[in-house]
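Peer 1: Structure incoming, see below.
The values are calculated or read from the model by the stated rules, or taken from the named source; none is laboratory data. All figures in this text were calculated on a predicted structure; none of them were measured in a lab. All Cβ positions, even for glycine, are placed from backbone atoms using ideal geometry, and neighbour counts span all protein chains on display.
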Amino acid sequence: MTTVAPEAVETAVSDVKPRPAPSRSPRRGRLLAGAILIAVCVAFLYPFAWLLAASLKPAAEVFDNKLTPDTVVWGNYAEIWRIVPIGLWLFNSVTIAVVAAAAATLSSAFVAFGFAHYRFPGRDLLFGLVLASMMLPAAVTMVPVFMEWKYVGLATTQVPLWAGNLFGSAFYIFLLRQFFLGQPRDQYEAAALDGAGPLRQFWSFAIPAVKPGLILVFLLEFKASWTDLMRPLIYLRDAELFTMPRGLKTVLDRFGGGGDAHWELVMAASVLATVPMILLFFAAQKYFLDQPRR
Amino acid sequence: MTTATMAIRTRRRLRLGWALVFLSPWIFGFAVFTFGPMIASLVLSFTHYDMISSPEAAGLANYRELVQDPYVRKAIANTLFYTAFHVPLQIILALGLAALLRRLQKGARFFRTVIYLPAITPPVAMAAMFLLLLNGSHGAVNQALRGIGLPAPNWTTDPAWIKPGLILMGLWTVGTTAVLYLAALQDVPPEVYEAAQLDGAGAWSLFRHVTLPLISPTIYFTVIVNTIASLQYFTEAYTMFYSATSAASSDGDAALFYVIYLFRQAFTNLRMGYASALAWLLFLIIAIITFLQVRASKRLVHYEGEPR
């Protein structure tokens, strides 16, 4: 079961609705604010530019801190691609993240629908348990869960990285329940009168109605899976099975510092680990930043 | 019994049945991946277990050991130090950024994107990059510090500066919290400010007595969530200072955070019993700190009468 990254929690409850800024703020104040924001932007974007530049430099020039390399060495990417199976790692990361995100989304929606649309004794207690389980540090269950996977013979496969997501994840259940509660009940009742069973009500009426919520959960879990290091460290031994962060860590251990440093290769691998997430972010920016009101 | 009441009963039973169908994945997952492991972890914490031979009963030995273990003390101190600076600094910076963004009429969307980008960067990539940006002699951060005449510490090698370096790096991902505060600020109705201004409130007192109370529920939420996450800080520090092969970190123990120590006890030293005891101590620490924060919030957090 995936622990939701705290930033995901924060993102998910954020919502932004444009409202004109107060017009009374004096012009000088606004200019100062603009100047500070530009400085902040530079501070936030500089590391990305630096990283990209460093990944294209010869080894000796990584530390010159220039944002435009004197000599552009595209070969760094070819080199890292040749030395480690980075294409495979990217493929592993994409497939695991897609499966993990799809599993978490569907199972959490299924459970959330149960909490939103059925009334039964003990429901609130059970939902309280769902919420309480979010507080449990992952460290408490880490060792026994590893033992379980070892017991069923899957401890060194990629299965533990997504299979826990098949059973719903507390935070996403909470989130999607809010989405379901925001839907009018009459359409289900109408559907029920038309003879639609609960499964059809869920699949044909409830699911399409909460699409923005599903996309949001998918994105949050994709990001959580894409950026996770700890579980790949615990479960993946064979380099062919590595995810991108797990592989990047071995690249860093091998080429960073230590003996013959090749930081340019480490930086090229870091770029490759970052770019897919940034592309996804730009493709789905509105879901990340403008989340619907709950 | 009339047919009508029988029909109602059957329907009720049917509904309960369907409710169970919908909840069953979670119930199963909770049993297998949360509750069962919790019990197992508690039992294991009273054993010695290396995953090869079967567990041996150890009584309170693990707990006795962790009370005396100097590394545990070091790891707790490091983790509390990091949390005590990381959480407040993030929140202050996020509030400042959100307040600035709110004043913006054009480009707010662009700035929001910019400050959010670091938050979606994989922490391993970020950590690898910051090992170089924070490098003592050649790093860009120190180049800038020297440029304005400030001291340029060895952020990645000097034990006294490793944690400040990590705290500084953590500020780069302030975007998620800032975006959240911006949303909260934009929910404050402009009339509130107009009224306060008519009463002659200055900028600071406006912020202190109007803005802060109105967004205090959001701040409270981020304090709790960020603190819990911060007490489990792992990925960035592990990436920068530890590896599976090295016996210890490259810097003494300045970057020995609690979960790193726990992780290494479990998966490097295969001391599953001791790691389980460590996990329960962490749970206890998190529970106590969260409890104190919840209690403090009763005095400090202001809730509007009606959720909008």
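Peer 1: Only one of these is facing another protein chain (nearest Cβ under 7 Å), of a type outside the set (Asp, Glu) and surrounded by 16 or more Cβ atoms within 10 Å (Cβ to Cβ): B:LEU66, B:LEU44. Name it.
Peer 2: B:LEU44
Peer 1: If you don't mind, there's one more thing I want to ask. In this structure, is A:GLU240 touching a Ser or Thr at 6+ places or on another chain (Cβ under 9 Å), of a type in the set (Asp, Glu) and more than 10 Å from every other protein chain (Cβ to nearest Cβ)?
Peer 2: No, not satisfied.
Peer 1: Tell me which residues, restricted to region A:70-128, are under 30 Å from A:ALA192 (Cβ atoms), hydroxyl-bearing (Ser, Thr, Tyr) and at pLDDT 95 or above.
Peer 2: A:THR105, A:SER107, A:SER108, listed by residue number.
Peer 1: Could you please find all residues in region A:209-234 being out of contact with any Pro (no Cβ under 8 Å at 6 or more places or on another chain) and either more than 30 Å from B:THR268 (Cα to Cα) or small (Gly, Ala, Ser) (or both)?
Peer 2: A:ALA209, A:VAL210, A:LYS211, A:LEU214, A:ILE215, A:LEU216, A:VAL217, A:PHE218, A:LEU219, A:LEU220, A:ALA224, A:SER225
Peer 1: Then there is this: Tell me yes or no: at least one residue of region B:239-250 is touching a helix residue (DSSP H, G or I) at 6+ places or on another chain (Cβ under 9 Å), in contact (Cβ under 8 Å) with a residue 12 or more places away in the chain and away from chain A (no Cβ under 11 Å).
Peer 2: Looking for residues that are touching a helix residue (DSSP H, G or I) at 6+ places or on another chain (Cβ under 9 Å), in contact (Cβ under 8 Å) with a residue 12 or more places away in the chain and away from chain A (no Cβ under 11 Å), one finds none in region B:239-250, hence no.
Peer 1: Within region A:77-93, how many residues turn out to be without any contact (Cβ under 8 Å) to a residue 40 or more places away in the chain and either under 18 Å from A:TRP226 (Cβ atoms) or polar (S, T, N, Q) (or both)?
Peer 2: Count: 2.
Peer 1: Which residues, taken from region B:213-230, are more than 21 Å from B:ALA108 (Cβ to Cβ) and not small (Gly, Ala, Ser)?
Peer 2: Those that are more than 21 Å from B:ALA108 (Cβ to Cβ) and not small (Gly, Ala, Ser): B:PRO213, B:PRO217, B:TYR220, B:PHE221, B:VAL223, B:ILE224, B:VAL225, B:ASN226, B:THR227, B:ILE228.
Peer 1: A:SER93 fails exactly one of the following numbered conditions: (1) farther than 30 Å from A:LEU272 by Cβ; (2) within 11 Å of chain B (Cβ to nearest Cβ). What is the number of that condition?
Peer 2: Every condition holds for A:SER93 apart from (1).
Peer 1: Regarding B:ALA58, is this residue touching a Gly at 6+ places or on another chain (Cβ under 7 Å) and either modelled with pLDDT under 95 or within 11 Å of chain A (Cβ to nearest Cβ) (or both)?
Peer 2: yes
Peer 1: Taking region A:147-170 only, how many residues are in contact with a helix residue (DSSP H, G or I) (Cβ under 6 Å, 6 or more places away or on another chain) and either farther than 18 Å from A:PHE202 by Cα or in a loop (DSSP other than H, G, I, E, B) (or both)?
Peer 2: So the answer is 11.
Peer 1: Next question. Just for region B:81-108: of the residues that are within 8 Å of another protein chain (Cβ to nearest Cβ) and among the charged types (D, E, K, R), which one is surrounded by the fewest Cβ atoms within 10 Å (Cβ to Cβ)?
Peer 2: B:ARG103
Peer 1: Would you confirm whether any residue within region B:245-266 is under 14 Å from the mean Cα position of the chain (by Cα), surrounded by fewer than 21 Cβ atoms within 10 Å (Cβ to Cβ) and among the small types (Gly, Ala, Ser)?
Peer 2: no
Peer 1: Sticking with this one: Can you tell me which of A:ALA101, A:ALA112 is touching a residue at least 24 places away in the same chain (Cβ under 8 Å), of a type in the set (Gly, Ala, Ser) and away from chain B (no Cβ under 12 Å)?
Peer 2: Within the list A:ALA101, A:ALA112, the selection yields A:ALA101.
Peer 1: Let me ask something additional. Within region B:115-170, considering only helices (runs of 4 or more DSSP H) that don't extend past its boundaries, which have at least 2 residues that are among the hydrophobic types (A, V, I, L, M, F, W, C) and more than 9 Å from chain A (Cβ to nearest Cβ)?
Peer 2: Hits in region B:115-170: B:140-147, B:159-170.
Peer 1: Now for a different question. Quick one: which residue in B:LEU16, B:LEU44, B:LEU23 is among the aliphatic types (A, V, I, L, M), without any contact (Cβ under 8 Å) to a residue 40 or more places away in the chain and touching a Gly at 6+ places or on another chain (Cβ under 6 Å)?
Peer 2: B:LEU23
Peer 1: In region A:171-200, which residues are part of a helix (DSSP H, G or I), in contact (Cβ under 8 Å) with a residue 24 or more places away in the chain and touching a helix residue (DSSP H, G or I) at 6+ places or on another chain (Cβ under 7 Å)?
Peer 2: Correct list: A:PHE171, A:TYR172, A:ILE173, A:PHE174, A:LEU175, A:LEU176, A:ARG177, A:PHE179, A:PHE180, A:LEU181, A:TYR188.
Peer 1: Additional query: For region A:35-53, name all the residues that are out of contact with any Pro (no Cβ under 7 Å at 6 or more places or on another chain) and either facing another protein chain (nearest Cβ under 7 Å) or among the aromatic types (Phe, Trp, Tyr) (or both).
Peer 2: Within region A:35-53, A:ILE36, A:LEU37, A:VAL40, A:CYS41, A:LEU45, A:TYR46, A:PRO47, A:PHE48, A:TRP50, A:LEU51 qualify.
Peer 1: Run A:LEU45 past the list (1) more than 30 Å from A:ALA191 (Cβ to Cβ); (2) in contact (Cβ under 8 Å) with a residue 60 or more places away in the chain and report the number of the one that doesn't hold.
Peer 2: Here A:LEU45 clears every test but (2).
Peer 1: Checking B:ASP199 against (1) without any contact (Cβ under 8 Å) to a residue 60 or more places away in the chain; (2) closer than 27 Å to A:PRO137 by Cβ; (3) surrounded by fewer than 19 Cβ atoms within 10 Å (Cβ to Cβ): exactly one of these is not met. Which one?
Peer 2: Of everything listed in (1) without any contact (Cβ under 8 Å) to a residue 60 or more places away in the chain; (2) closer than 27 Å to A:PRO137 by Cβ; (3) surrounded by fewer than 19 Cβ atoms within 10 Å (Cβ to Cβ), B:ASP199 misses just condition (2).
Peer 1: Another question, then. Which ones in region B:187-240 are out of contact with any Leu (no Cβ under 9 Å at 6 or more places or on another chain) and of a type in the set (A, V, I, L, M)?
Peer 2: B:ALA195, B:LEU198, B:ALA201, B:ALA203, B:LEU206, B:VAL210, B:VAL223, B:ILE224, B:VAL225, B:ILE228, B:ALA229
Peer 1: Quick check on region A:161-171: of everything there that is more than 10 Å from chain B (Cβ to nearest Cβ) and at pLDDT 95 or above, which residue is surrounded by the fewest Cβ atoms within 10 Å (Cβ to Cβ)?
Peer 2: Across region A:161-171, the extreme among qualifying residues is A:TRP162.
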